[in-house]
Every structure is written in structure tokens, then in C-alpha cells.
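Each remark here refers to the structure printed beneath this line.
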């Protein structure tokens, strides 16, 4: 499996998320309008280290709406990215 994004990589990919327009696609963490493997990587990082993400990023990654980002959310984003 490819290496997860580093904290710096997560910060770079999601730097503008908090100030960006509202997320149109739940789980679209890089803001490109669709679910991709990059969103899965970001969600995995948020699930493992939620303190590194902003509140907006955590809300966007919480696909199942239970108030936290877990492996279940990552799985749902992966399913969406897979088609």
C-alpha cells in the first residue's frame, strides 16, 4: 500500500478547504468536486490524527454523520471513489 500523506501533505492539500465554498460532494476533501483516491488518503489521515484537521475538514470527512471520522467514513469515501 502506498504511504499515507504526511501531515505537511495533508496541510498543503487541504489548506484552502476551511475558507472554500461549501462542499458539494460529501467526502470530497480536496475540493475537486468528485471522490478520488486523494480524498481517501486525506480521510485516512484525518481518521488517524483528527487533531491535524480543521473542523471543516472533519465535517467534510464525516460521511456517515456520526460526529467523528472513522474507518467507516474512509470506506464510504473509497466506495464512492471506486465508482
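The figures follow:
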read-out	value
The range 17-51, subset at pLDDT below 55 and exposed (fewer than 11 other Cβ atoms within 10 Å of the Cβ), residue farthest from residue 64 (Cα to Cα)	19
Only one of 13, 76 that is assigned to a helix (DSSP H, G or I) and either out of contact with any helix residue (DSSP H, G or I) (no Cβ under 9 Å at 6 or more places or on another chain) or modelled with pLDDT of 95 or more (or both)	76
Selected residue (criterion: modelled with the highest pLDDT) from residues of the range 52-69 that are assigned to a helix (DSSP H, G or I) and within 15 Å of residue 80 (Cβ to Cβ)	61
Inter-residue pairs, beta-carbon under 7 Å, first at negative phi and free of Cβ contacts under 8 Å to residues at least 24 places away in the same chain and in the range 63-74, second surrounded by 12 or more Cβ atoms within 10 Å (Cβ to Cβ) and outside any helix (DSSP H, G or I), 6+ apart	68/62; 72/64
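The values are calculated or read from the model by the stated rules, or taken from the named source; none is laboratory data. None of these values were measured; they are calculated from a predicted model. All Cβ positions, glycine included, derive from the backbone under ideal geometry; neighbour counts span all protein chains shown.
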